[in-house]
1. When you check A:Met399 against the structure, is it of a type in the set (A, V, I, L, M) and either at pLDDT below 95 or more than 30 Å from A:Leu96 (Cα to Cα) (or both), yes or no?
2. Residues in segment B:133-145: is at least one farther than 22 Å from B:Glu359 by Cα, open to solvent by less than 50 Å² (accessible area, probe 1.4 Å) and free of Cβ contacts under 8 Å to residues at least 40 places away in the same chain?
3. Answer yes or no: is there a residue in segment A:231-239 that is assigned to a helix (DSSP H, G or I) and β-branched (Val, Ile, Thr).
4. Restricted to segment B:436-477, and to residues that are assigned to a loop (DSSP other than H, G, I, E, B), modelled with pLDDT of 95 or more and under 21 Å from the mean Cα position of the chain (by Cα), which residue is farthest from B:Gly160 (Cα to Cα)?
5. Could we say that B:Glu203 is farther than 27 Å from B:Arg443 by Cα, surrounded by fewer than 15 Cβ atoms within 10 Å (Cβ to Cβ) and within 14 Å of chain A (Cβ to nearest Cβ) here?
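The values are calculated or read from the model by the stated rules, or taken from the named source; none is laboratory data. Since the structure is predicted, the reported quantities are computational estimates derived from the model, not experimental observations. Ideal geometry is used to build each Cβ from the backbone, glycine not excepted, and the neighbour counts take in all protein chains shown. Protein only, heavy atoms only, side chains kept; ligands, DNA and RNA dropped before computing areas. Shrake-Rupley method; radii C 1.70, N 1.55, O 1.52, S 1.80 Å.
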Protein chains: 2
Amino acid sequence: MSYSALTHHFEQLHHLQHLGAICGWDQATMMPPGGNQARAEAMSALAVLSHQQLQDPKLEDWFAAAQQASLTPAQSVSLSEMQRQWRDATLLPSDLVGAFSLAGSRCEHAWRTLRPANDWAGFLPLFEDVLNLSRQVAAARADALGLSRYDSLLEQFEPGMRSATLDNVFSGLKQWLPDLINQVQHQQNGESVLLPQGPFAIEQQRALGLDVMTLLGFDFNHGRLDVSVHPFCGGVSEDVRLTTRYDEQDVAQALMGVIHETGHARYEQGLPAQWRKLPVGQARSMGVHESQSLFFEMQLARHPAFIIQLAPLLERHFGSQPAFAPDNLAKLYTRVKPGLIRVDADEVTYPAHIMLRYEIERDLIEGKLEARDVPERWDQLMQRYLGLSTQGNYKDGCMQDIHWTDGSFGYFPSYTLGAMYAAQQASAMQQQQGSLDQLIEQRLPSIFDWLQQNIWQHASLHDTDTLITQACGQPLNADAFKQHLLQRYLG
Amino acid sequence: MSYSALTHHFEQLHHLQHLGAICGWDQATMMPPGGNQARAEAMSALAVLSHQQLQDPKLEDWFAAAQQASLTPAQSVSLSEMQRQWRDATLLPSDLVGAFSLAGSRCEHAWRTLRPANDWAGFLPLFEDVLNLSRQVAAARADALGLSRYDSLLEQFEPGMRSATLDNVFSGLKQWLPDLINQVQHQQNGESVLLPQGPFAIEQQRALGLDVMTLLGFDFNHGRLDVSVHPFCGGVSEDVRLTTRYDEQDVAQALMGVIHETGHARYEQGLPAQWRKLPVGQARSMGVHESQSLFFEMQLARHPAFIIQLAPLLERHFGSQPAFAPDNLAKLYTRVKPGLIRVDADEVTYPAHIMLRYEIERDLIEGKLEARDVPERWDQLMQRYLGLSTQGNYKDGCMQDIHWTDGSFGYFPSYTLGAMYAAQQASAMQQQQGSLDQLIEQRLPSIFDWLQQNIWQHASLHDTDTLITQACGQPLNADAFKQHLLQRYLG
C-alpha cells in the first residue's frame, strides 16, 4: 500500500517535470523574447510546487511503512531512489534553498554581460555570494549525509563518487597527460590537413544532421532536432528534444554537436519503459550520461571506420571537395591543440580543463581557497597543464563557464568520468564482440545493442560501480582511456 | 490579507495553466507521435492538480473574509471572477466530473474514426453516455446557480447569457435570413468569378501569413505562427501561439484562417498587463473572443478597402494573375452558397448552422429531444434553413462537429454572438470615427486602437452587456449584423 502510494506520488511529480522539460525546451528553441518574464515565473512556480510535493509530510510515513513491506529487489531499489530524491529535497532549510537559488540566478544573469566585458571585479562579489551559500549547502548536506563538504555536492551529480576516488584516477592522468599532449603535438606538427571550404547552408547542415541521427539509430517517433544557442538534450525519454547550433563556415561544429547529443538522446530513449515515471527509471548519473554522448562523439564519430561512412553523407549534402576525403577528415577530427576554452577543447586536452576546475572547486568548497584567489590559481594550473597563461584574461579563464555562476560545484568531474567510462565501454565491447573497426564497418547496430543491454536498460537500477563493473569487468579506471588516447593519437 | 492570499493562489494556478497552454500547443504543433501517451498523462495530471488547487478548502474562508474587506471596485470584480472559477470547479461532485470527462474522451476518440465511416449506429451509444452525463452536469449546475439546465451550460462559455435572449435575437434572424440567402444567391448567380490558380507553395503562404499578421499589428515579440491540423490560437497573452494549415491548391484557406486567429491573438495580446495572471484579466467570453476573430476575418478582411491592401501581398508572394484583381477577390471572398459543413460556410449562411445546433442542443439538454432523434431533427432544420438534406449522411450532418462528442453543449451560440458583436463594434466604430472604407484606407491602426480601448483592455472587468453597451451604445442586438449583411451582399 505505502509503496504504491509512493509510486503514485512520484509519478505525479514526474508528470509535472515532463511539462517543465517541454516548456524549458520551448524557452530555448521556440519562445519569442517577450514571453520570457511570464515563462520564468511559470517555471519558478512549477519548481516550488515540485519541491512542495517532495516535502509532503505523508512521504516520511510512507517510506517507513514501505521499508517494512515485502518488495521485489527492483522495487527496493526504486524505493531507495525515491528516498534519495526526497532526502535531497528535504535536507536543506527552505530559506537556504531560496537564498541559494536567488544568488545563483543573480550571478548567472550578471555573468552573461560581465564575462564578455572581462569584468572580474564586477563579478567577484556576486560569485562570493554564490560560493558562500554553496558552502552552506555543502555543510548542511555533509552533516546529513556523513560526507565531506565537496563530496556532498559531488553526490548530487555522481551518486557514490568521492573525491578520494577522483584524486586517485586524476593523479595518474596528471602524470601522463602533459607528456602525451606534447608528443601528439610534435607528431601532428608535420601533418598537413585541409579545412573544408564553406559556406555550408544551414538547411543542408540540418539535413546532414538528420541523416547522421538516423545512422545512429535515433528514434524520430520519440524525439526531434531543433536549434538553440546552447545545444542540449532535453524533453522526456518518450519525447527527446535535441538541439544544435549552426555556423555557416564550420560544418564540424553542428555535426559533432548533433552526434554528441544523439548519444545522450539514445540513452534517454533506451531507458526501460516500465520504470520511466519513477526516479529509478532515470539515467544513472551525469558521468554515465556523458559517457554515452562521448562514446558517440569520441569513440565512434572520430573513429576512421565511422568517418568512412560520414564522408559520403557530407558529399551528398555539400558536394565533393578534397577536404572530405576520409583520411583528411580523420586527421581533422583528431587534431590536438591546447587552448583556453574548455568547450572548444579536443579529446586529449579536455581532461586538463576538468582537472584544473576540479582542484579549484574542491578547494573552494572545502574552504582552502577563496573566490578572490581563483584567477591566480587558474593561471598557475593552466600554465602547468597546458602551458598557457590566462593572466588578466578572465573571460577566457575562470569566467568562461556557466557552472559556478549558479553554484553547480561538483558537476565538472562528470565530463572526464564520462570520457573514462566511454573508453571502458569501448574496450569491453571490443573484447566481447570484436574490434570497433569491424563492428562499425559491418554491424553498427550491434554497438547500440551492446549499450542498450549494458547501460541504457539499467537506468538507475544499479549503483554506478555495479553498472560499470557488470558492463566492463571493472569499476572506474583510467587505463582504457589512456590506451584509447595512446592508440588513436600515437598508435 | 485574504484578498492577497487569494490573488497569490490564483496567480499560482495561472502559472500552471501557462505550462499547460504551452504543452498543449506543443502537442498540436511539435510533438512527435510517439510522445502522445506520456504527454496525455502529464496533461491529465496537471488538470487534476489545477482542479485540486481550486478545491483547496482554504479558499472558502478567504472568500468570506475578502468580502468583508475594503477593496477597490476593480478588486471586487476580480474577487467575483475568482469566485466564479472556484464555484464552477466545486459545484459538481468529483465522481461526476470524472465520469463526464471519461465519457467525453471516449466518445471524442471514437468519433475520429466513426465520423469518416458515417457510422451513426456505432456513435449513438457513446453519444448517449455523453448526453446523459451532460444532463446530470446541467442539472447540478442549474440547482446551484438557479438557472435552467441549458442556461447553466451556456453560463460556462457566455456568462450572463440566457436562452431567452438567444431565442429573441435568433427568432428575428430566422425570419429574414432564408430570404436574404435566396436574394444573395440570385444576385450572385450572374457574376463571373475567377479562382486563383495554384499551386501555392507552403513556404510562400507562410510568408504571406506573416506579412498579413504584421499588417494587422500582431506583436511577434509576444507570439508566433506555426502549423497544426486544427488551427487555433493558444499559448498565453504574453506569448500567443497561433496556428494554421496550408492547402497548396487554395491560398484563401490559410490566409483567412491566419486573419481569423490574428483577431483572437490581438485580443489576447491586448489584455491589460496588470490583471493578466488573474481570472478578471482573461478574455470576457467565447462570444466576445469570437467577435474579435470575426471582426478581423469578416468585417475587415472581406472589406473591399482591405482587399485592395491584400492583393499586392498576394502578388508579391505568388506573382500576378487575373484572379488577384481586388474586384475579383472581393467577389470571391463574399461568395454565398448553402452547404452541409459549418466550418466551410460563408458569412451569410453560417448563422443558419448555429441556430440549428442551438435548437437541437437546447432541447437535448432540457430533455425535450433524445439522442436517437437528432439525425431526423437535423435533416428537418437543414431543409428549413438551407434547403439541403442530410438524410443518411451523418458524417456531413449531425456527426460533423467535435463539440458534442466531449459534452461542450452551450458553446455553439458563441459563434453567432461573435458575428453580431463584431457587427455592432464595426457600426459603433464607424459612427465615432468615420467609415470603415476611410479607416482601412487611411488609418488602419486606428481600428485596432478602437478595439484596444473598447474591448481588449477591459478583459473581464465588466460583464458582457456592460462591455458591449459601453463600446457600442447598446447591448446585444442583431440589427447591426443584419445591416452589415444587407449592405455587403445586397448593397
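1. For A:Met399, the condition - of a type in the set (A, V, I, L, M) and either at pLDDT below 95 or more than 30 Å from A:Leu96 (Cα to Cα) (or both) - is not met.
2. No, every residue in segment B:133-145 fails to be farther than 22 Å from B:Glu359 by Cα, open to solvent by less than 50 Å² (accessible area, probe 1.4 Å) and free of Cβ contacts under 8 Å to residues at least 40 places away in the same chain.
3. First pass over segment A:231-239, keeping only residues assigned to a helix (DSSP H, G or I): none.
Checked segment A:231-239: no residue is assigned to a helix (DSSP H, G or I) and β-branched (Val, Ile, Thr).
4. My answer is B:Ile455.
5. Numbers: farther than 27 Å from B:Arg443 by Cα: yes; surrounded by fewer than 15 Cβ atoms within 10 Å (Cβ to Cβ): yes; within 14 Å of chain A (Cβ to nearest Cβ): yes.
Here the answer is yes, as B:Glu203 does meet what is asked.
Residues checked against (1) small (Gly, Ala, Ser); (2) free of Cβ contacts under 8 Å to residues at least 12 places away in the same chain; (3) open to solvent by 30 Å² or more (accessible area, probe 1.4 Å):
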| residue | (1), (2), (3) |
| --- | --- |
| A:Gln12 | no, no, yes |
| A:Ala28 | yes, no, yes |
| A:Gly35 | yes, yes, no |
| A:Met43 | no, no, yes |
| A:Pro57 | no, yes, yes |
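Yes/no per residue for (1) of a type in the set (S, T, N, Q); (2) in the same structural domain as A:Phe232 (by TED's automatic domain parsing); (3) part of a helix (DSSP H, G or I):
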| position | (1), (2), (3) |
| --- | --- |
| A:Tyr3 | no, no, yes |
| A:Leu16 | no, no, yes |
| A:Leu19 | no, no, yes |
| A:Leu49 | no, no, yes |
| A:Phe63 | no, no, yes |
| A:Ser70 | yes, no, no |
| A:Gln75 | yes, no, yes |
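Conditions (1) within 13 Å of chain A (Cβ to nearest Cβ); (2) open to solvent by less than 40 Å² (accessible area, probe 1.4 Å); (3) within 30 Å of B:Val130 (Cβ to Cβ), marked per residue:
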{"position": "B:Glu60", "(1), (2), (3)": "no, no, no"}
{"position": "B:Ser70", "(1), (2), (3)": "no, no, no"}
{"position": "B:Ser76", "(1), (2), (3)": "no, no, no"}
{"position": "B:Gln85", "(1), (2), (3)": "no, no, yes"}
{"position": "B:Asp88", "(1), (2), (3)": "no, no, yes"}
{"position": "B:Pro93", "(1), (2), (3)": "no, no, yes"}
{"position": "B:Cys107", "(1), (2), (3)": "no, yes, yes"}
